[in-house]
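Encoded as C-alpha cells, the structure appears first; notes follow it.
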Amino acid sequence: MNRALTVARLQFVAWPSVVGWPWGILALSFLINLALFAAMQGDPNVQPTTGGLASIYVVMFIACINTITQDFPFALGLGVSRRSFYLGNVLQFAAQAIGYAAVLYLLAVVEEATDGWGIQLRFFGLPYLWVENPVLRFLGFALPFLLLGFIGIAIALVFKRWGANGMLTLSAAALVVIGGLATLVTWQGWWSAIGGWFADQSGAALLVGWPALLTLPLAAVSYLVIRRATP
Amino acid sequence: MSPAVTVTDLTKRYRGVTALDRVSFSLTENRIYGLLGRNGAGKTTLMQILTAQGFATSGEVTVFGQQPYENEQVLSRVCFIKESQTYPSNLRVHHVLRAARLVHPGWDEKLAQQLVDDFRLPPQRNVRKLSRGMLSSLGIVVGLASRAPLTFFDEPYLGLDAVARQIFYDHLLADYTEHPRTIVLSTHLIDEVSDLIEHVLLIDQGRLLLDAEAETLRGQVVTVSGPVAAVDEFARTGAELHRVLLGATARATVRGDFGPAVHDQARSLGLGLEASSLQELVVRLTTNSNAPAPGADSAGAASKEAVR
C-alpha cells in the first residue's frame, strides 16, 4: 500500500500540468460560451444551455490513456510493481475525480444563485439530467469521470499488452457487436422502446447508477490485463 | 557471500526467435559485472526478466533470494537504467529526479545534484527536449543516485561524449567504493570499461559464452605472430580463436593457460607474444561462435580474414 501511495505521489510531481490542463480547457470553454451567449442576449429563441462541461471529462479521459502509455513504462522503469502502479494510479485518479466533482458542484450552485451568470447560462448544471439529492448530485459529477477514465485505461492497456493487433481486434469486435445490435434493433423495430427506456431513467441512474455498474468490471478487467503487460 | 542474482535454465522465446537459450549463472553481491555481447545477443531481454519487466518462457530467476515478479521487496532494491527508457511528456529533468527520489529508498540527493552539475543537465528542461546524450546522462544520474543494491546499466552512455563517459566511470567507481553494491554494466565499449569490470558475462545469440573473472581472462588470451609453422606449433598449446595470414607469417589469437614456460616457448620459437585485450577476446569469441550456428547471418563482410 505504501508503494501505491508513492505511485500516486509520483504522478503528481508535475502537478501544475496535471491540474492545469483539465481546468484550463474547461475555463476556456466556459469563457467562450459566456461571451457567445452574452452577445446573443435579447434573442428570445435562444436557450443558453451548452455541453461545454464535457470538455473537462474529455481531457481527463485522455489523461487516463496517457497514464498507461507514458506513466506506466516510467514507473515500472523506476522499480514499481504492476499492482502498486495500478492501485496508485486508481488512487490518484479517484482523488482527482472527487476533488473535481466537488468544485463542479460548487460552480453549479453558484450558477443557480447568480441566475446563470446573469445571462441564464446553463453550463455546470444540466437541466435534462437533473438530480435533486445533493449526495447523488455530487456523485453525478464524479462517476462520469471514473467511467470515462477506466474506459481510457482499459483501451490503453489493450494497446500496451497486445499492441496494434490488439487494438485492431478490439475495434473489429466493437464494430461487429455495435453494428450487429443496431441491425437487430432496427430489424425488430425496438428503437422507440429503447428511447423510452432512456427517457424513463432518472438523472441519477444515468449519471451515477449505470456508470458505477460499468466502471467496476472495467476496473477489475484492467487489473488482470496490467498484471501481464510489459512497459 | 550470498548471491544477489541466480538464473537457472532461463529461456525466452519470441515468436520464432530464441532470445535466451537455457542461460544459467549467478551474481555475487557487491561486485561489478560486465554483461557483454553484440546487438541482439539477448542482454536487454535478460535484464528485463531480472527486473520483472519482461516474462521468461521457462527457467528460474531469483533476485536477493526471491522471485522478482510483483515483489515490492525485491523491486525497491533494484534499479534498471535502460537506453530505451521513455518519460512522460509533461516531466522536466527535476521532476524525473523527484520521482526517482520517491521510489528509491536509498536515494542520495546530494550526489544527484552533484551529478546534474557535472553532466551539465538543465533541471528546468522538459525531458522530451533533451538531446540523446543528455537523456543518457539523466539515466546515469538516476542509476547512481538511487544507490540501489542491484543496479543495471543497459548501454547507459548512448550519445555521450568521451568526457561525459569518463565522468560516469569515475563517479561509478568512486561511489561503488564508498557504497558497495552489485552493478551490472551492459556495454559495447569494452576497452573503456575493462578496468572497471570485475567479472565478465558474455552472451551471444541467447547463449552464455563466458562467465569468468576479468582477472583470469586477462592472462588467458594472447596474440601470437611469426612464421606460420611456428604459430601452428604454438597454437596447439591452447584453443585458436582467430588467425590472419600475411604471406608466410601468421597472427593468431589463442586462448589457454599461459604460464611463464609457455612464454619461454614462444620466445624460443621466435614468436611475438602479446596479451590480448578483453575487447579482442569478446570480438574473437563472438565472431567465432557465429560460424557454426545454424541460420546465423554471419555475412563474410564481418571479416575477409581467413578464420582457421
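Run the quick spin-label model on residue B:86 and residue A:202: label points 7 Å from Cα toward the beta carbon, then report their separation in nm to one decimal.
The answer from the label model is 4.5 nm.
Rounded, prolate or oblate: pick one for chain A, where a ≥ b ≥ c are the square roots of the eigenvalues of its C-alpha gyration tensor, a/c under 1.5 means rounded, and failing that, prolate if a/b is larger than b/c, else oblate.
Taking the square roots of the gyration eigenvalues as a ≥ b ≥ c, chain A is oblate.
Which whole-Hz ³J(HN,Hα) couplings does the stretch A:217-222 yield from phi under the Karplus relation 6.51 cos²θ - 1.76 cosθ + 1.60, θ = phi - 60°, glycine and proline marked x?
Per residue, the Karplus-derived 3J(HN,Hα) values read x, 4, 5, 5, 5, 4 Hz.
May I ask for the angle, rounded to the nearest 10°, between helix B:162-178 and the longest principal axis of chain B, with both axes built from Cα atoms and the value confined to 0 to 90°?
80 degrees
Top mean-square fluctuation among B:152, B:258, B:168, Gaussian network model of chain B, C-alpha springs under 10 Å?
For chain B, modelled as a Gaussian network with Cα springs under 10 Å, the answer is B:258.
Applying 1/(1 + (r/R0)^6) with R0 = 56 Å to the Cβ-Cβ distance of residue B:246 and residue B:66, what FRET efficiency is obtained, to the nearest 0.05? Mind showing how you got there, number by number?
Working: r = 55 Å, r/R0 = 0.99.
FRET efficiency, residue B:246 to residue B:66: 0.50.
With a 1.4 Å probe and every protein chain kept in, tell me what percent of the accessible surface of chain B is carbon plus sulfur. Spell out each step's value before the answer.
Details: 6990 of 13790 Å².
About 51 percent, which is the carbon plus sulfur part of the accessible surface.
Looking at chain A as a GNM with Cα springs under 10 Å, which of A:154, A:204, A:193 has the largest mean-square fluctuation?
So, out of A:154, A:204, A:193, the one fluctuating most is A:193.
Among A:68, A:56, A:119, which one moves the most in a GNM of chain A with springs linking Cα atoms closer than 10 Å?
Fluctuation is largest for A:119.
Taking θ = phi - 60°, what integer Hz values does the Karplus form 6.51 cos²θ - 1.76 cosθ + 1.60 yield along the stretch B:70-86, in sequence order, with x for Gly and Pro?
Once θ is set to phi - 60°, the couplings for the stretch B:70-86 become 6, 9, 4, 4, 7, 4, 6, 9, 10, 10, 10, 9, 10, 4, 8, 4, 10 Hz.
Kindly state, to the nearest 0.05, the FRET efficiency for residue A:27 paired with residue B:210, given R0 = 60 Å and r defined as their beta-carbon distance.
Efficiency at R0 = 60 Å is approximately 0.45.
To the nearest 500 deg cm²/dmol, what mean residue ellipticity at 222 nm is calculated for chain B from DSSP H runs of n ≥ 4 alone, each contributing -39,500 (n - 2.57), summed and divided by the residues?
Result for chain B, helices only: -10000 deg cm²/dmol.
Could you tell me the calculated FRET efficiency between residue A:210 and residue B:8, based on Cβ-Cβ distance and R0 = 45 angstrom, to the nearest 0.05?
0.30
Please sort by residue number the trypsin sites (Lys or Arg not before Pro) in the stretch B:6-113 whose DSSP state is loop and whose Cβ has at most 13 other Cβ atoms within 10 Å.
Sparse-neighbourhood loop trypsin sites (Lys or Arg not before Pro): B:15.
Per the helix-only calculation at 222 nm, which mean residue ellipticity applies to chain A, given -39500 (n - 2.57) for every DSSP H run of n ≥ 4 and division by its residues, nearest 500 deg cm²/dmol?
-25000 deg cm²/dmol
Students often forget the sequence filter, so: which lysines lie under 27 Å Cα-Cα from residue B:82 once same-chain residues fewer than 8 apart are removed?
A:160, B:12, B:43, B:110, B:129
Two-decimal Rg/Rh of the protein assembly as shown from alpha-carbon positions, Kirkwood Rh?
1.13
For residue B:232 and residue B:177 in one chain, what is 0.36 nm times their gap in residues minus the Cα-Cα distance, to one decimal in nm?
Full extension of this stretch gives 15.3 nm more.
How tilted is helix A:15-39 with respect to the longest principal axis of chain A? Cα atoms for both, answer in degrees (0 to 90, nearest 10).
So the helix axis and the longest Cα principal axis differ by about 20 degrees.
Can you send over the solvent-accessible area of residue B:69, 1.4 Å probe, protein chains only, in Å² to the nearest 10?
80 Å²
Suppose a student asked you for the relative contact order of the stretch A:2-226, using Cα pairs under 8 Å spaced at least 6 residues apart; what percent would you report?
Relative contact order here is 27 percent.
Could you tell me the largest-minus-smallest coordinate of the C-alpha atoms of chain B on each of the three principal axes, in descending order and whole angstroms?
That works out to 66, 42, 40 Å along the principal axes.
So what's the angle, to the nearest 10 degrees on a 0 to 90 scale, between helix A:191-200 and the longest Cα principal axis of chain A?
Once rounded, one gets 80 degrees.
What percent of all Cα-Cα pairs in the stretch A:135-231 falls in each 5 Å bin, counting up from 0?
Reading upward from the zero bin: 2, 12, 14, 16, 18, 17, 12, 7, 2, 0.
For the stretch B:119-269, taking Cα atoms only, what is the radius of gyration to one decimal and the Dmax to the nearest whole Å?
20.9, 66
Which GluC sites (Glu not before Pro) does the stretch A:109-148 hold that lie in a coil by DSSP with at most 15 other beta carbons within 10 Å?
Those satisfying the criteria are A:132.
The values are calculated or read from the model by the stated rules, or taken from the named source; none is laboratory data. Values in this document were obtained by computation on a predicted structure and should not be read as measured data. When we count neighbours, we look across all protein chains shown, and the Cβ atoms used for this are built from the backbone with ideal geometry, even at glycine. What goes into the accessible areas is simple: the full protein's heavy atoms, side chains included, and nothing from ligands, DNA or RNA. Shrake-Rupley method; radii C 1.70, N 1.55, O 1.52, S 1.80 Å.
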